[in-house]
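See structure below.
The values are calculated or read from the model by the stated rules, or taken from the named source; none is laboratory data. If you're wondering where the values come from, they're calculated on a predicted model, not measured in any experiment. Here the Cβ positions follow ideal geometry from the backbone for every residue, glycine too, while neighbour counts run over all protein chains shown.
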Amino acid sequence: MIRKLLGCGLIMLMAGCASVTSAERPAATATAATATAATDAFCPVTPPTYDQPPKDPNADPFGYGPWQISTDRALWVGLPPEEIWHTGGEKVVWIRPAGTDLTISGERIDQDGPPLEAYIPCCYPTGFQTSELTFPEPGCWRIAAQAGEHQLTFVTRVEAQEKK
């Protein structure tokens with residue numbers, strides 16, 4: 001009987017912990033450790049899609065892998081190795097409709113911070129496009145991209161770049 005009561009109490013405790021509301025979430029503070037812990041626990045990361053993008057005459061085949069893809073499948077962004085974004089510059093592969101200009105923006109959503117910096121070189125004539133994304137600090141980020149009428153928005157977690 002005591003085992004049953006303890007088991008029920010543990011289940012009730014676990015159920016209560018699983019239903020934390022946004023009002024009960026800890027506020028992010030200025031310390032990096034607290035910000036990282038809050039980000040890890042409460043960053044609604046958009047899961048990647050594993051697929052192969054369309055072939056492009058100006059690029060080698062991309063192969064099957066993790067991507068963020070717009071709902072109309074016209075705009076794709078390749079994820080970095082191990083699907084982890086880092087502070088500092090990241091070279092990024094995009095697939096977008098040929099002849100459209102790509103714009104990219106990003107903002108932290110777990111606390112205030114400087115915006116994402118995006119460098120998008122000119123003159124890629126087909127769908128393949130590279131860029132460099134610079135995340136100034138770790139945290140939970142919302143990235144928005146547009147090419148013509150096509151839009152892609154996703155949420156990702158960014159970790160601090162390891163010092164070499």
**OP:** Consider only pairs whose beta carbons are under 9 Å apart and that are at least six residues apart or on different chains; among these, list those whose first residue lies in region 96-107 and is closer than 18 Å to Ala59 by Cβ and whose second residue is loosely packed, with under 15 Cβ neighbours inside 10 Å and among the acidic types (Asp, Glu).
**Re:** Pro97/Glu149; Thr100/Glu149
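Residue by residue, here is whether (1) closer than 21 Å to Pro136 by Cβ; (2) aromatic (Phe, Trp, Tyr); (3) modelled with pLDDT of 95 or more holds:
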| position | (1), (2), (3) |
| --- | --- |
| Pro26 | no, no, no |
| Gly63 | no, no, no |
| Glu83 | yes, no, no |
| Gly89 | yes, no, no |
| Ala98 | no, no, no |
| Ser105 | yes, no, yes |
| Tyr124 | no, yes, no |
Subject >> Top-ranked residue of region 101-125 - restricted to ones that are among the polar types (S, T, N, Q) and in a strand (DSSP E or B), ranked as nearest to Gly148 (Cα to Cα) >> reply: Thr103
Original post:
Taking region 117-164 as the search range and keeping residues that are within 20 Å of Pro48 (Cα to Cα) and acidic (Asp, Glu), which one is farthest from the chain's Cα centre (by Cα)?
Top reply: Glu132
Original post:
Could we say that Gly148 is touching an Asp or Glu at 6+ places or on another chain (Cβ under 6 Å), on the phi > 0 side of the Ramachandran plot and touching a residue at least 12 places away in the same chain (Cβ under 8 Å) here?
Top reply: no
Original post:
Inside region 128-144, can you point out the residues that are in contact with a Gly (Cβ under 9 Å, 6 or more places away or on another chain) and either in contact (Cβ under 8 Å) with a residue 60 or more places away in the chain or assigned to a strand (DSSP E or B) (or both)?
Top reply: Glu132, Leu133, Thr134, Phe135, Gly139, Trp141, Arg142, Ile143, Ala144
Subject >> Residue in region 85-100 that is farthest from the chain's Cα centre (by Cα), counting only those that are assigned to a loop (DSSP other than H, G, I, E, B) and either hydroxyl-bearing (Ser, Thr, Tyr) or surrounded by fewer than 12 Cβ atoms within 10 Å (Cβ to Cβ) (or both) >> reply: Gly99
Subject >> Boolean, Pro125 is touching a strand residue (DSSP E or B) at 6+ places or on another chain (Cβ under 8 Å), loosely packed, with under 14 Cβ neighbours inside 10 Å and either touching a residue at least 12 places away in the same chain (Cβ under 8 Å) or not basic (Lys, Arg) (or both) >> reply: no
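Here's the yes/no breakdown for (1) of a type in the set (A, V, I, L, M, F, W, C); (2) closer than 30 Å to Pro57 by Cα; (3) surrounded by 15 or more Cβ atoms within 10 Å (Cβ to Cβ); (4) touching a helix residue (DSSP H, G or I) at 6+ places or on another chain (Cβ under 6 Å):
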{"position": "Gln111", "(1), (2), (3), (4)": "no, no, yes, no"}
{"position": "Pro114", "(1), (2), (3), (4)": "no, no, no, no"}
{"position": "Tyr119", "(1), (2), (3), (4)": "no, yes, no, no"}
{"position": "Leu133", "(1), (2), (3), (4)": "yes, yes, yes, no"}
{"position": "Pro138", "(1), (2), (3), (4)": "no, no, yes, no"}
{"position": "Leu152", "(1), (2), (3), (4)": "yes, yes, yes, no"}
Subject >> Count of residues meeting criterion [of a type in the set (Asp, Glu) and closer than 12 Å to Trp85 by Cα] in region 133-151 >> reply: 1
